[in-house]
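Bear in mind that the values in this text are calculations on the coordinates, not laboratory data. These figures come from a predicted structure and were not determined experimentally. For neighbour counting, all protein chains shown are included, and Cβ atoms are generated from backbone atoms with ideal geometry for every residue, glycine included.
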Amino acid sequence: MSHYELRCRECGRGWGNQPRSICDDCFSPLEIVYDYEALRSKSNGSALTRERVSQRAPNMWRYAELLPLPQGFQPRLPVGFTPLFSAPHLAERLSGTTAAAANLYIKNDAVCLPTLSFKDRVVAVALANARAFGFDTVSCSSTGNLANAVAAHAAREGLKAWIFIPSDLEPAKILGTNVFGAKVVRIAGNYDQVNRLCSQIADEHRWGFVNVNLRPYYAEGSKTVGFEIAEQLGWRLPDNVVCPMAGGSLITKIKKAFDELIKLGLVEPKEVKFFGAQATGCSPISTAIKTGSSEIEPQKPNTIARSLAIGNPADGHYAIKTIKGSGGWSEDVSDPEVVDSIRLLAETEGIFTETAGGVTVGCAGKLYRQDRILPEETTVLCVTGNGLKTTDVLAGVYRTERPIAPKLTEFENYLQQTLEVAEVPEVIRAAEETVQIGA
Amino acid sequence: MAITVQIPTALRRHTDGVGSITCTASNLTDLFSVLDQKFPALKPHLRDDQGQIRRFLNVYVNEEDIRFLGGQGYAFQEGDEVLLVPSIAGGVK
């Protein structure tokens, strides 16, 4: 018998395990619940401990007991366990003080395998279940990263993939779906329209839609971001998490992950504040937080952060609850701020993130300036996607340099013409000074 | 003035399998009254204990979320196609 099952988030009715995401009784979303007692039990030798986890391979499957994985499932991809590293230079720039330098961390899912976004985590869990439920075709509505992930994982698993996307997606995200042999259906509409269409298609076709009928399983994959943050901090929880929000699921699942680790005694209990980040051009959740509303007012997205451009977020209600309940807050940033923040993260810490990461970094700066995040607090920023997928937003930011002849004198001329004195590298300046002294 | 209402699979067990109806409701409140009358078993699934439309039920008119058209205040037009869609749809046939 399985140690997990579906349960309605509102009325509590149990639904066993099946491809289903809503409760027929009250229309509310279903969620996976686990038999935590069995995972705690020392008597049967299956208790989940730090030692057991740390002996396993460095990927998200090390937390298998806390994921809804069918019996006999054998992972075929080493998804997750992305780096968590300290970001001292960024911390100084965002907070304006050196006090934050030792306390800011980046969880870098820009290098998550196989498709360079955190969506690989959710898809890995969804497809494990798609196979078990007998689907031969998997599908999704996507703002891009999910499309890439479903297409790649489906190829690996030998499943057919139908991917539905808004027609204006970044070319790299479309190409990064095509290449895996998936059938890509471009819809002349925004994500919310694509998603609504997929809801209707899921009603008519027996396909495994990862974010529709497989959604409760899929969403659990996001918890691994939270498990890893805690383990990589030395089995402790941070004070703050800043998380980008599109559908609003990730932030709620990181919270669930922390709660589960506390429940199992793997970390000390702690009140973690959750901060949500959105683009101003699509900010239904941050608007609700700022206006004190507990409900989402849908918006028509208009932002370069297309991976976050969901105007009617499915988990918006729960994201609001998570943020408010934790004492956190939500911010949003303009498109120019998104671009500036992408550059700031790259220039200070060597991480090239996509627009969603720019949103997160930009909002984190605001939260430091508002003293909602304090420099002495341990803060983790979730970078969820890779900048190579959204290079179009940097078009025109950098000029194309005039080529020079392959001669040292040409280079020296170029250096003099191009750089201000302050920018001339130290070693060259020193050499020039020596020459002048000699003269 | 007639409009068409599409009912998702998840709710059809409360409508004796009926997937679509035509009616003459003039607005959303009116439409829900029509549905209540026609399919009494459906009512508790569409409304909460306070009689409000359930949070996770989205209503679309000709592919547009009714909240962008004025919500409860929107007056249905002749030929409107109304979709009831769970905010996260699901279930298989």
| message | Placing unit charges on C-beta atoms (Lys and Arg positive, Asp and Glu negative, everything else neutral), compute the dipole magnitude of chain B about its Cα centre in debye, rounded to 20. | response | 440
| task | Using θ = phi - 60° and the Karplus relation 6.51 cos²θ - 1.76 cosθ + 1.60, list the HN-Hα couplings for region A:190-204 in order, rounded to whole Hz, with x at every Gly or Pro. | result | 8, 4, 4, 6, 4, 5, 5, 4, 5, 4, 6, 5, 4, 6, 9
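Ranked by Cβ crowding within 10 angstrom, fewest neighbours first, how are B:Y60, A:Y218 ordered? Provide the component values of the computation, followed by the final result.
On the way: B:Y60 21, A:Y218 30.
With the fewest neighbours first, B:Y60, A:Y218 line up as B:Y60, A:Y218.
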| request: Name the lysines eligible as straight-distance cross-link partners of A:K263: C-alpha to C-alpha under 30 Å, and not fewer than 8 places from it in the same chain. | output: A:K42, A:K107, A:K119, A:K223, A:K253, A:K255, A:K273, A:K321, A:K324
| note | Ranked from fewest to most other Cβ atoms within 10 Å of their own Cβ, B:T29, A:T252 fall in the order B:T29, A:T252
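For B:R67 and A:E271, what is the calculated FRET efficiency with R₀ set at 25 Å and r taken between the beta-carbons, to the nearest 0.05?
Details: r = 35 Å, r/R0 = 1.38.
Using R0 = 25 Å, I get an efficiency of 0.15.
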| request: Sticking with the crude label model, points 7 Å out along Cα→Cβ, report the distance from A:K324 to A:A188 in nm, one decimal please. | output: 4.0
| field | Separation in nanometres of the label points that stand 7 Å from Cα toward Cβ, at A:T98 and A:Q18 | value | 6.3
| request: State the antiparallel share, in %, of DSSP beta bridges confined to chain A, rounding to the nearest 5. | output: 30
| field | Residue-count net charge about A:D332 - beta-carbon cut-off 13 Å; Lys, Arg +1, Asp, Glu -1 | value | -1
| message | 7 Å from Cα along Cα→Cβ at both A:D239 and A:E377: what's the point-to-point distance in nm? | response | 0.7
| Check A:D332: other-chain or 5+ apart residues with amide H under 5 Å from its amide H, H built from backbone geometry? | A:Q278
| request: Hey, can you grab everything whose amide H is under 5 Å from the amide H of A:V185? Only 5+ residues off in sequence or another chain; H modelled, so Pro and N-termini drop out. | output: A:I163, A:F164, A:I165
| How high is the relative contact order of chain B, given as a whole-number percent (alpha carbon pairs under 8 Å, six or more residues apart)? | 40
| Taking chain A as a Gaussian network, Cα atoms linked when under 10 Å apart, which of A:E231, A:E220, A:E354 shows the biggest mean-square fluctuation? | A:E231
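With a ≥ b ≥ c the root eigenvalues of the C-alpha gyration tensor of chain B, is it rounded (a/c under 1.5), prolate (a/b larger than b/c) or oblate? Working shown, then result.
On the way: a/c = 1.34, a/b = 1.28, b/c = 1.05.
Taking the square roots of the gyration eigenvalues as a ≥ b ≥ c, chain B is rounded.
Relative to the Cα centre, what is the charge dipole magnitude of the protein assembly as shown, using +1 at the beta carbon of each Lys and Arg, -1 at the beta carbon of each Asp and Glu, and rounding to the nearest 20 debye? Working shown, then result.
Working: 55 positive and 61 negative charges, 334 e Å.
In total the dipole reaches around 1600 debye.
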| Say R0 is 25 Å: what FRET efficiency, to the nearest 0.05, do A:L388 and A:A57 get from their beta-carbon distance? | 0.40
| query | Got the relative contact order for region A:119-219 handy, in percent, Cα pairs under 8 Å and 6 or more residues apart? | reply | 34
| task | Please find, in a Gaussian network model of chain A (springs between Cα atoms separated by less than 10 Å), the residue of A:S341, A:S141, A:S41 whose mean-square fluctuation is greatest. | result | A:S41
